[in-house]
Each structure stands twice: as C-alpha cells, then as structure tokens.
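Engineer: One structure coming up, written as structure tokens, with questions to follow.
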C-alpha cells in the first residue's frame, strides 16, 4: 500500500538469579544424615540433567511451533478504522453531494445529488464483486487477480495487514475502508461535466473508468505483501517483486493523491473536452444557486477527510495523529492562501474562494499527510492554493474547456502539487517522517533524486492511465448510449428531464 511506517518492536529480557542457601549448619545433628542423603541424591540427579537438557530443545520445538499464537486484531485500531470508514462515507454522502449541489444552478441540483448517491451505491457493489480482488490481490505489477471476487475467502477471522509488524485489523474492515475510496473517486469526476450528461451515460462511463483506471492505479500504488513478509534483504526483494508497479518504485502516496485526485481530475478534464461546453457558457450567468449548501458540503468534506487521511494509517497511533494534524493545518493554510490571493486580485474575499482553498489544501496534503512534518504541511497548503487559483481563473479560459466545478483545476492540479512536494518534505532533515527500512528496523537514508523520480513517475502514470481510459470510455458510451442530453433538456434542467423531480417547490 502507501506508507512505510516505523516498525513497532517489543523486546522482553527476563533474568533468573540463583541463590544458594545453606541449611545444614542450622540443622540438628539428628537431621544431618538426612540432609547428607538428600545431597547425594541431588548430585546424582544433576549428573543426569545435561543429557535431558540436551534432548529437550529438539523434542520441544514442534510443541512450541504448534503453540505459536494466532495474530489477533487490535480492538483499538479496529474501532478507529470503523469510525474512519464512516467518516469517509460522510465525505461522499452528503458532503460531496452538497458541495457540488450548491455550486450548480437550481434546475440541476437534484441531478448532482442523484449522481453522487447512486455512484456511491454502484461502486460499493462493484468493489465487492471484483474491485477489491483486482486492486488488492497479487497478479501482475499493474493489475490484480480475481481470487477474492465476491470476497471469496474473506471471513470475520481473516486479517488485513497494517504498516507495523504483527499488527492487524479485520480484513472485512480493510475492504470496507477501501470501498469508500473506490466510491468517492468516480463521484469526484461528475463536477466536470455537471448539468449536461445523461444519467445513463454517467453510470456506464463510471463502470468502465472504475474498472480500467481506478483499480489498476490502486493496485500499482498500494498493493504489497505487508510488513511481516519482510525479514531480511532477500525477503524484501520478494515483496518488491510481488508489489504494485509504483509501490515497487518507491512512490509515496499516503491517502490517494495519485490514485484518487489526479486520477479523477484528469478524467474530468477529458470529459469536459469530449462533451463540450454547456449551452450558454461564457454568455449566460451560471452562478452557484446556494453557496450556503456549498459551505456546508465543504465543512463535511473537511471533517470527513480526517477519516480519509488519518484512517489511511490503518492504526490508531502517532502517525495517525500526524496525518490528522497535518490535514488541519495544511487545509487552514490553503484556505488563507486562496483568500488572500483572491482578495488581492479581485478586491474582495469570497466564501466560494475560501471553500475552494480548503478543498485544494485537503487534496494537496492527502499524499503527504503521514510523511511530512507540520512545517512541511503548512508550506504545502500555502503553495497549492495560488497554483490552483491560477488554473481555475486563467488556464481554464485560456484553453477554453468547460470544467463546470473545477475538478481538474483543484483535484488534478492540487494532487500533482501534493504528490511532488511529498517527495521533498518527507526528508527527515526537513522535519519529515522519512521512509521506513523494514530490514534494518529504522528510517532509510533519504535520496532526493530517487524519491522525486518515483514521485514524477507516479504522477505521469496517473495522468496517462486516466486520460487514455477516460477518452476511450467516453467514446464507447457515446456510441452505445450517447453522452449529452438534448438541448431542450439541458435548458429545462436535468432535475425534471432526467429524474422527474425538483429540488425546490417554493
């Protein structure tokens, strides 16, 4: 998977002292003979002991092996992961739904809510049927197998590895946690083509994209055999050979900068180009119908993101706390950074700008949250917002694409910034946590060139995979179903034409 954490080891040293006490001098003469007889017997037994001790280890070894305890999931870690899973679900429904819903025009509010809600449901089923198996079982460096399709072999007793040797959580819990990531990632894409794509086309596209873009990226970045498989240099080589392609190259992505945000953001950009602009784009006002709901959605995203980032540690320990504090301060720094850039450029700070800055900060700290120190997190937050702001306010209009809710400008660009800066601020000399060396049970020496090469490779891979799969998927769906609603339907609004409902009746 994503992060290498420090190995938790416990060494117990037991000492046994032997005290010699003489009683014979204090015994009556009547008992002296008895003591002497006992001493003679003890001497005879002592002569026989070496032979017994020599044979004991060989005879006891099978019994000791048989008595080796079965790992038991830690209840504290398991409880935390249940909470984290629920928090990520909260990010999608209702967090992302309300954030996006408030940004579209009133006539399309329900269409965005419906797309988000149903995509979450669809991905939950697909993840169970084949997604988990393809992402998190062995196969090739790029794609897993179907050995755990329909969660075959997963039971309440089966275990999922964490990032510490000997520490596990229930496998069902790992499946459920990763399910939420698989659900939110496709849902992020809908913001790019909001207000103009058929509902049936949305669902068909998501099935193809999930299968051929999300699952391979998750496998390449996060799949490995776990820390207990690493005992020496030779076993490390075996783990690397079995791992996902980008994991084996040393790419760091704590919670989804490449797998989630770059992946979804690039898909959004491709969709915006393929579908074309909304009717009236650039000529008619397309202002958000409810920034109140957008603010509520952004707040739910921020709160749920703690499950997203700190939960990705898989354990309730200091590294989860590091991810949590980094998530807070990077997001705060990005909110302020966006606000002041907008304030300087447009003379007034806006609620939309503050919310956009917060999301940009959340995106950028996602790949870095468990690897960098607090100062690094602040710098990432301060840097990402001006870059995303430039793409949202300048590049989009220069290139002429209609990314309705700025999925590319915030998620893809923010994810790229975060992924690259992870490679910089993971350096322990800059306050980072470093990369664990499971063989030496310490932190590996930092190599800027090697680490940045791995990060750049991961970024390019995410861009290429998502762009190619998205383009092909959209073309297939366009031929089979058609992508866009009719001009009449688009003008009337997707709420009534696609779903026969209205968000508001007052």
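Engineer: Has segment 466-484 got any residue that is in contact with a strand residue (DSSP E or B) (Cβ under 7 Å, 6 or more places away or on another chain) and in a loop (DSSP other than H, G, I, E, B)?
Structural biologist: Filtering segment 466-484 down to residues in contact with a strand residue (DSSP E or B) (Cβ under 7 Å, 6 or more places away or on another chain) leaves 483-484.
Next, from what is left, pick out any that are in a loop (DSSP other than H, G, I, E, B): 483.
So far as segment 466-484 goes, yes, one or more of its residues are in contact with a strand residue (DSSP E or B) (Cβ under 7 Å, 6 or more places away or on another chain) and in a loop (DSSP other than H, G, I, E, B).
Engineer: Here is a check on your reading of the model: is residue 326 within 25 Å of residue 178 (Cα to Cα), in contact (Cβ under 8 Å) with a residue 60 or more places away in the chain and either surrounded by 20 or more Cβ atoms within 10 Å (Cβ to Cβ) or more than 17 Å from the chain's Cα centre (by Cα) (or both)?
Structural biologist: Working: within 25 Å of residue 178 (Cα to Cα): yes; in contact (Cβ under 8 Å) with a residue 60 or more places away in the chain: no; either surrounded by 20 or more Cβ atoms within 10 Å (Cβ to Cβ) or more than 17 Å from the chain's Cα centre (by Cα) (or both): yes.
Against the criterion (within 25 Å of residue 178 (Cα to Cα), in contact (Cβ under 8 Å) with a residue 60 or more places away in the chain and either surrounded by 20 or more Cβ atoms within 10 Å (Cβ to Cβ) or more than 17 Å from the chain's Cα centre (by Cα) (or both)), residue 326 does not qualify.
For (1) under 29 Å from the mean Cα position of the chain (by Cα); (2) more than 20 Å from residue 369 (Cα to Cα), each residue gets a yes or a no:
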{"site": "398", "(1), (2)": "no, yes"}
{"site": "407", "(1), (2)": "yes, yes"}
{"site": "417", "(1), (2)": "yes, no"}
{"site": "435", "(1), (2)": "yes, no"}
{"site": "439", "(1), (2)": "yes, yes"}
{"site": "451", "(1), (2)": "yes, no"}
{"site": "456", "(1), (2)": "yes, no"}
{"site": "473", "(1), (2)": "yes, yes"}
{"site": "482", "(1), (2)": "no, yes"}
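Engineer: Separate question: For segment 136-178, what are the residues that are part of a helix (DSSP H, G or I) and touching a strand residue (DSSP E or B) at 6+ places or on another chain (Cβ under 6 Å)? If you could, list the steps in order and put the result at the bottom.
Structural biologist: Start the filter on segment 136-178 by keeping residues that are part of a helix (DSSP H, G or I), which leaves 136, 149-151, 171-178.
If the condition is that a residue be part of a helix (DSSP H, G or I) and touching a strand residue (DSSP E or B) at 6+ places or on another chain (Cβ under 6 Å), then 171, 174 are the ones that fit.
Engineer: If residue 118 meets every condition in (1) under 23 Å from residue 223 (Cβ atoms); (2) touching a helix residue (DSSP H, G or I) at 6+ places or on another chain (Cβ under 8 Å); (3) surrounded by fewer than 18 Cβ atoms within 10 Å (Cβ to Cβ) apart from one, which number is that one?
Structural biologist: Single failed check for residue 118: (1).
Engineer: Go through segment 385-405 and report how many residues are under 18 Å from residue 350 (Cα atoms) and part of a helix (DSSP H, G or I).
Structural biologist: 10
Engineer: Limited to segment 195-228, what total is found for residues that are on the phi < 0 side of the Ramachandran plot and not in a helix (DSSP H, G or I)?
Structural biologist: Selection size over segment 195-228: 6.
Engineer: Hey, which of the helices (runs of 4 or more DSSP H) in segment 231-345, taking only ones fully inside, have at least 2 residues that are closer than 22 Å to residue 355 by Cβ? Even if it seems obvious, please write down each step before you answer.
Structural biologist: Values: elements: 233-242, 245-248, 263-275, 291-310.
Qualifying helices (runs of 4 or more DSSP H): 263-275, 291-310.
Engineer: Against the definition (touching a helix residue (DSSP H, G or I) at 6+ places or on another chain (Cβ under 9 Å), buried (at least 23 other Cβ atoms within 10 Å of the Cβ), modelled with pLDDT of 95 or more and in a loop (DSSP other than H, G, I, E, B)), how does residue 495 come out, yes or no?
Structural biologist: On the way: touching a helix residue (DSSP H, G or I) at 6+ places or on another chain (Cβ under 9 Å): yes; buried (at least 23 other Cβ atoms within 10 Å of the Cβ): yes; modelled with pLDDT of 95 or more: yes; in a loop (DSSP other than H, G, I, E, B): no.
Spelling it out, it is not the case that residue 495 is touching a helix residue (DSSP H, G or I) at 6+ places or on another chain (Cβ under 9 Å), buried (at least 23 other Cβ atoms within 10 Å of the Cβ), modelled with pLDDT of 95 or more and in a loop (DSSP other than H, G, I, E, B).
Engineer: Does residue 89 qualify as being part of a helix (DSSP H, G or I) and either over 25 Å from residue 198 (Cα atoms) or at pLDDT 95 or above (or both)? Walk me through how you get there before you give the answer.
Structural biologist: Numbers: part of a helix (DSSP H, G or I): yes; either over 25 Å from residue 198 (Cα atoms) or at pLDDT 95 or above (or both): yes.
So residue 89 fits the description; yes.
Engineer: Moving on to the next point. Regarding residue 303, is this residue surrounded by fewer than 24 Cβ atoms within 10 Å (Cβ to Cβ), under 18 Å from residue 377 (Cα atoms) and under 17 Å from the mean Cα position of the chain (by Cα)? First the steps, then the outcome.
Structural biologist: Details: surrounded by fewer than 24 Cβ atoms within 10 Å (Cβ to Cβ): yes; under 18 Å from residue 377 (Cα atoms): yes; under 17 Å from the mean Cα position of the chain (by Cα): yes.
When the stated conditions are applied, residue 303 passes them.
Engineer: Given the options 124, 48, 97, name the one that is assigned to a helix (DSSP H, G or I) and modelled with pLDDT under 95. Don't jump to the end; show me each part of the working.
Structural biologist: Working: 124 fails: modelled with pLDDT under 95; 97 fails: modelled with pLDDT under 95.
Going through 124, 48, 97 in turn, just one is assigned to a helix (DSSP H, G or I) and modelled with pLDDT under 95: 48.
The values are calculated or read from the model by the stated rules, or taken from the named source; none is laboratory data. Just so it is clear, the model here is predicted, and its values are computed rather than measured. Ideal geometry is used to build each Cβ from the backbone, glycine not excepted, and the neighbour counts take in all protein chains shown.
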